[in-house]
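A short worksheet on the structure shown next.
Read-outs: derived from the displayed coordinates by stated rules, not from any lab. On a predicted model such as this, the values are computed, not experimentally measured, just so you know. Neighbour counts are summed over all protein chains in view; Cβ atoms, including those assigned to glycine, are modelled from backbone coordinates with ideal geometry.
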Amino acid sequence: MVLRSARCSQINSVAQSFRRGQHRAKSALAPQFLLDTYIPRYQLLTAQQEARKRSEAYAHLRNCNLCPRLCGVNRFERTGTCLIGSDVVVNTVAPHFGEEPTIQGRNGSGSVFFSGCNLRCVFCQNHDIAHQKNGFHLSPEELADWYIKLQDVGGVHNINLVTPEHVVPQVALSILHAKELGLKVPIIYNTSSFDSLASIELLDGLVDIYLPDFKVWNAKTSQRLLKADDYATVAMESIKAMHDQVGDLCFTSDGIAKKGVLLRHLVMPGFEEEGKHIVRWLSENVSKDLYVHIMDQYHPRAHVGKEKRSRIGRAEDVAEGMVEPGGQAAGEQGKKQVRYEEINRAVKMDEVDSVKKAAEESGLWRFADASEHSIFSI
Ligand code: SF4
């Protein structure tokens, strides 16, 4: 006992020095977040718990209220807002090297990109996948076979389920099946955070790492850009529930993340104040030890920058020489108007820096920076 408490106080003082920023480059491997070994959570489920998960998954498929859209459809017969039925539609399955170093490691993250989505982000950075139903229809059992291939042939560090919010029952069934086939690597749930609490509950015991985005803060912004005015309220609830399950991000000594929450925020051009609200809320309501990736790679995509569908500038108006309020000819104004003009540019580094500064000032200290020393973020 004496030895243990002495070690605890040593660990606490190391943790405090990490918080003061003296060890930023090695934040991931701070002692309190190091694991000797790790067994994925799905390996620890009893047969009874597995049977309950299976029956809940099928019940949700027959009456789908598994995301905040609450469609209530039988997905064996028809589709709801996400446009996906009882099979999943998978666009790409591959070892992926575009993730945080601690997720992709040396061998890649075994990524499964699902088609369809329950949000309608106008700036979707993956719109060719998420806004369309492109891909292969797979049953949960076929999906499980792919996890095994990624593990055994690809040698990946984890299975990374990308945009899975609308296929949670199928994902739950696939993980249980893959366990029987010999899956041993952790499961990552890579989500927009537009998840219901029922979804997160179904995933309890199946997912090891939650990788939620927190996109925007204001209801007006989320209605315009995500087509969901309740986005931030839902995200706050679901991120808290994820953190309650798996806690802060932990690693084994090789620098690979095994369990916990890794939160992403993509800074949007002109919306840095919303980013500041988000990081402050996370610090005050989730954990000061939350591992956060403040992302700077926003670029206009999907519907952003497309020509606006508007009466202004219609060919017949131009032909008639109509003048719009403000004195501009219809054609001149119409030519200049694009959709979602306010985000039709790349984000500036000073906008990103201001969100990072707010995060640090709020007490957050574990950031997913590129490592100065190796490919791992240690
Ligand atoms: S997962 Fe799809 S069908 Fe189910 S509630 Fe959400 S949008 Fe509707």
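Miscellaneous remarks
- Only one entry of PRO95, PRO140, PRO169, PRO164 meets the criterion of being surrounded by fewer than 22 Cβ atoms within 10 Å (Cβ to Cβ) and touching a residue at least 12 places away in the same chain (Cβ under 8 Å), and that entry is PRO95.
- When residues of the range 259-273 are limited to those that are outside any strand (DSSP E or B) and touching a helix residue (DSSP H, G or I) at 6+ places or on another chain (Cβ under 8 Å), the one surrounded by the fewest Cβ atoms within 10 Å (Cβ to Cβ): GLY270
- On the stretch given as the range 32-53, residues that are under 30 Å from LEU119 (Cα atoms) and either within 16 Å of the ligand (Cβ to nearest atom) or within 25 Å of the chain's Cα centre (by Cα) (or both) total 4.
- Residue that is nearest to the ligand (Cβ to nearest atom), among those in the range 180-211 that are touching an Asp or Glu at 6+ places or on another chain (Cβ under 8 Å) and not in a loop (DSSP other than H, G, I, E, B): SER199
- For the range 127-137, the tally of residues that are part of a loop (DSSP other than H, G, I, E, B) and crowded, with 17+ Cβ neighbours inside 10 Å stands at 2.
- Residue within the range 54-73 that is of a type outside the set (Lys, Arg) and more than 16 Å from the ligand (Cβ to nearest atom) present: yes
- Residues (part of a loop (DSSP other than H, G, I, E, B) and touching a Ser or Thr at 6+ places or on another chain (Cβ under 7 Å)) located in the range 223-258: ALA228, ASP229, GLY255, ILE256
- Screening the range 74-124 for residues that are part of a loop (DSSP other than H, G, I, E, B), more than 15 Å from the chain's Cα centre (by Cα) and hydroxyl-bearing (Ser, Thr, Tyr) and picking the one that is nearest to the ligand (Cβ to nearest atom) gives THR81.
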